[in-house]
Amino acid sequence: MKKFSILMCASLLSTYALASAPTCQKLQDDYNLIYAAKGFCFKEPEAIAKYGNDNCFTNKPKFSEREQQRLDQIKENQKTLNCN
């Protein structure tokens, strides 16, 4: 019975870890959201459909240090996950 309980706990923890781990799509969405907030004009149809280009005004947005750090972190996580 004790082995079963340990196995169930391990299974639940690994399921939770997988569910909370960032996915490639979530990382890309987070990345695009930062760009969209800075008025970036998207070229990809999927990004335009999701974020629109009605309020876009730049192809080279300026980011705060914190935003740039987050963008760098996202790119690093995408590499780790072997995202496109």
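Annotations
- Added length on full extension, which subtracts the Cα-Cα distance from 0.36 nm per residue, ASN82 to THR58: 5.8 nm
- Those aspartates and glutamates that a straight Cα-Cα span of less than 19 Å connects to LYS38, excepting residues fewer than 8 apart in one chain: ASP29, ASP30, GLU46, ASP54, GLU65, GLU67, ASP72
- Averaging over all projection directions, the Cα-based convex hull of region 22-80 occupies 4.0 nm² in the image plane.
- Fewest-first sequence of PHE63, PHE57 by Cβ atoms within 10 Å of each Cβ: PHE57, PHE63
- For CYS24 and GLU65, the difference between the fully extended length at 0.36 nm per residue and the C-alpha to C-alpha distance is 12.4 nm.
- Dipole axis of region 22-80 (+1 Lys, Arg; -1 Asp, Glu on Cβ), positive-most option in THR23, ASN77, ILE48: ASN77
Bear in mind these aren't lab numbers, they're just calculated from the coordinates by the rules spelled out. In this text the structure is predicted, and so the values were computed from the model without any measurement. So basically every Cβ, Gly included, is an ideal-geometry build from the backbone, and we count neighbours across all protein chains shown.
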